[in-house]
2 protein chains.
Amino acid sequence: MFQALPDKVRIREVGPRDGLQNEEQFVPTEAKKDFIRRLIDAGLQSIEITSFVNPKWIPALADCAEIGSEFSDIESVTTNALVPNMKGLDNAEAAGMKEITLFMSASEGHNKANINKTIGETLKLFGELLPTAKGRGMRVNAALSTAFGCPFEGDVPPEQVAALTKELLDMGADEIGIADTIGVANPLQVKQVMEKVLSLCEAKRLAVHFHDTYGTAVVNNVAAMEMGITQFDAAVGGLGGCPYAPGASGNVPTEHLVYTFEKMGVDTGVDLEKLLQTAQFIQDQLGHPLASNGFRAWLGKKKHAEQKAEEAS
Amino acid sequence: MFQALPDKVRIREVGPRDGLQNEEQFVPTEAKKDFIRRLIDAGLQSIEITSFVNPKWIPALADCAEIGSEFSDIESVTTNALVPNMKGLDNAEAAGMKEITLFMSASEGHNKANINKTIGETLKLFGELLPTAKGRGMRVNAALSTAFGCPFEGDVPPEQVAALTKELLDMGADEIGIADTIGVANPLQVKQVMEKVLSLCEAKRLAVHFHDTYGTAVVNNVAAMEMGITQFDAAVGGLGGCPYAPGASGNVPTEHLVYTFEKMGVDTGVDLEKLLQTAQFIQDQLGHPLASNGFRAWLGKKKHAEQKAEEAS
């Protein structure tokens, strides 16, 4: 059986940021706010709402200041936003963000391609950003991309992931998100990487983030949970990436994690029905079908029930 | 870590039967043969090729006699077909089938809906079919549907699944396929059910069959493997069911299982690239996109490479 399943876990919804950032369709700001409010209403207690990067790079999130401000006073839910540099940090603070996420890759190739810096240069930047953000009273996460494989370098040594995770914690980060950015991890590898990381770091300061390229996202999350991790990223409807883009697939659908964990007796605090209604809301906004199996099955069931009701009336 | 992973496993490809039976599009007989040949060429060593049910019920497989005959002389690969009654058995034998699969449900509600018999009546029928088929030199599998949940009854007691599995083995079946027909299982439940079944039956006479309604098919297969199961059903491209039909979702995509198992160091004997080419072949035949994440990611990568090559030329 499973050893020591936790009573409850925290799922961080990343749909509004990781999910929407690559969408060609700009989701109107009011619809984004509605989307986030629906996620809160569904029971998500941690939500990555936007990214304070230059809108030239991510036009889909050009309304970050307005989105940040909208939710800056919410006490019951934790909202966070990505921050790439000092300007982003200033803007996030101005918008009232109380939690930010810095990001880098565990592999040089992806770090260079994504943020045009070496890992050494990025750590130097973090050395400035981290104390500044902490000094301004913010909680700071760090996301470590390509921790289970890099599109340029292939395998990434677990020792490297563990050492970088520890270094980021030692620098003052509150929580590290260990990410399978391109969705290539397998559950044996997850256990091996997490064993190395957990030999140096506390589980309660770690989160995992899996994409679903080969349908392995749920099993990888379960493998991480078996190793003692209780904090998981997910995106409603499997938003994120683009199924037709090379090396970029969607996040694990939040509904798949909620379904699996709840059925295993692990409390997520999320209302599955409200979550699926939220998937439908954002699918309607985007105008293209979402990839999530669970969402499509729910939609099929709903349509079938509606047809039956119509036939009966 | 994972306890005692097997060195190798057997994946049974069920795409030609479970995959195609609900498709509205009739795949021409020659294309079906081509599909099966491609699966063999990709390394699948066990393939469920058709079903000898009345074509009135499953018009998509009305060419069962011709499909059966076509592969009756193949020595290197095991082919099997579903058989619902004595007439089906006669027809399967006439087509040269050496292995058949009888089918029933672990829950009364689904058994009644699917084959219009009680479980008791079905076992009585099996009592006639099994010795007859064995007497004709056939290998006989039995598929036990709704073993992890029934669309009519909900939960199905693990004790009931274990008792029926044992009864079918005692009646002379060579192998029992324990099936999550509607894709509702979770990995904790899989381990609990398999523990009960394995307390009465040998692992080598069992197989599992998972559908992917909530994205749990890979984790459920891995959970079964952890319990000692080494025989798994899958359908290339995630064929099977219909994502828009209530309570019917596709099989676990064969490419997801192959990817996961091989990455974990477990030999499947399957060539992933040839398998994905076969998914593309059958998608082209069906004329609608397949649901498999892995297949869509592969297709996206391929299109991207083709575009790059075109730009360069």
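Every number in this text was worked out from the coordinates using simple rules, so none of it is lab data. This structure is a prediction, so every number in the text was calculated from the model and none was measured. Here the Cβ positions follow ideal geometry from the backbone for every residue, glycine too, while neighbour counts run over all protein chains shown.
An ellipsoid equivalent to the stretch A:115-228, defined through the eigenvalues of its Cα gyration tensor, has semi-axes of 24, 16, 12 Å when rounded to whole angstrom and sorted largest first. For the pairs A:K302/B:K166; A:K134/A:K204; B:K98/B:K204; A:K124/B:K303; B:K124/B:K204; A:K303/B:K301, flag any whose C-alpha to C-alpha distance is greater than 28 Å. In this structure, A:K302/B:K166; A:K124/B:K303; A:K303/B:K301 lie more than 28 Å apart at Cα.
In the Gaussian network model of chain B, springs joining C-alpha atoms below 10 Å, which of B:T132, B:T254, B:T78 carries the largest mean-square fluctuation? With Cα springs under 10 Å in chain B, the top fluctuation among B:T132, B:T254, B:T78 is at B:T132. The mean sequence distance of close C-alpha pairs (under 8 Å, at least 6 residues apart), as a share of the length of chain A, puts its relative contact order at 19 percent. For the stretch B:1-109, the relative contact order works out to 25 percent when only alpha carbon pairs closer than 8 Å and six or more residues apart are counted. Placing a label point 7 Å from Cα along the Cα-to-Cβ axis, B:E202 is separated from the same position in the other copies by 5.2 nm, shortest listed first. Dividing the summed helix terms, -39500 (n - 2.57) for each DSSP H run of n ≥ 4, by the number of residues in chain B produces a 222 nm estimate of -13500 deg cm²/dmol to the nearest 500.
Excluding the sites themselves, what is the longest stretch of chain B that contains no GluC sites (Glu not before Pro) in a DSSP loop with at most 13 other C-beta atoms within 10 Å?
Of all site-free stretches, the longest is B:76-201.
With the gyration tensor restricted to C-alpha atoms of the protein assembly as shown, the semi-axes of the equivalent ellipsoid amount to 46, 24, 24 Å, longest first. Given DSSP loops and a limit of at most 16 other Cβ atoms within 10 Å, what is the longest stretch of chain B that contains no such chymotrypsin sites (Phe, Trp or Tyr not before Pro)? Counting only loop sites that pass the neighbour cut-off, the longest clear stretch is B:58-151. Provide, for q = 0.13, 0.16, 0.24 Å⁻¹, the log10 of I(q)/I(0) from a solvent-free Debye sum over equal Cα point scatterers in the stretch B:195-239. Computed log10 I(q)/I(0) values: -0.30, -0.44, -0.86. Note on A:H288/A:D34: beta-carbon distance plugged into 1/(1 + (r/R0)^6) with R0 of 22 Å gives a FRET efficiency of 0.75.
Rounded to the nearest 20 debye, the dipole size of the stretch A:10-312 about its Cα centre is 180 debye, using +1 on the Cβ of Lys and Arg and -1 on the Cβ of Asp and Glu. A straight line joining the Cα centroids of the stretch B:80-117 and the stretch B:2-28 runs 18 Å. Look at the dipole of the stretch A:10-312 built from charges on Cβ: of A:L89, A:V161, A:S105, the Cα furthest out on the positive end belongs to A:V161.
Label-point distances for A:G228 to the equivalent site in the other copies, using a point 7 angstrom along Cα→C-beta, read 3.0 nm when ranked shortest first. Chain B holds its axis-closest Cβ, relative to the rotation onto A, at the residue and whole-Å distance B:V219, 2. First select every other residue whose beta carbon is under 10 angstrom from the beta carbon of A:Q189; then total the charges, Lys and Arg +1, Asp and Glu -1. After counting each charged neighbour, the total is 0. In the elastic network of chain A, a GNM with C-alpha springs shorter than 10 Å, the most mobile of A:I176, A:I74, A:I47 is A:I74.
For chain B, the Stokes-Einstein estimate of translational diffusion at 4 °C and a viscosity of 1.567 mPa s comes to 66 µm²/s, using the Kirkwood hydrodynamic radius over alpha-carbon pairs. Would you please classify the overall shape of the stretch B:1-144 from the alpha carbon gyration tensor, given that a ≥ b ≥ c denote the square roots of the eigenvalues, rounded means a/c under 1.5, and beyond that prolate means a/b larger than b/c while oblate covers the rest? Rounded shape, in that the Cα axes give a/c under 1.5.
Taken about its Cα centre, the stretch B:114-235 carries a charge dipole of about 360 debye when Lys and Arg each add +1 at the Cβ and Asp and Glu each add -1 at the Cβ.
Loop-located trypsin sites (Lys or Arg not before Pro) across the stretch A:33-76 with a Cβ neighbour count of 15 or fewer within 10 Å are A:K56, with loop assigned by DSSP. For the stretch B:151-307, the Cβ-based charge dipole about the Cα centre amounts to some 520 debye (Lys, Arg positive; Asp, Glu negative; other atoms uncharged).
Checking the a/c ratio against 1.5 first, then a/b against b/c, what shape does the Cα gyration tensor give for the stretch B:180-298? In terms of gyration-tensor shape, oblate. Sequence-distant contacts, meaning Cα pairs under 8 Å at least 6 residues apart, place the relative contact order of the stretch A:107-241 at 21 percent. A label point on A:R136, set 7 Å along the Cα-to-Cβ line, lies at 7.8 nm from each of its counterparts in the other copies, closest listed first.
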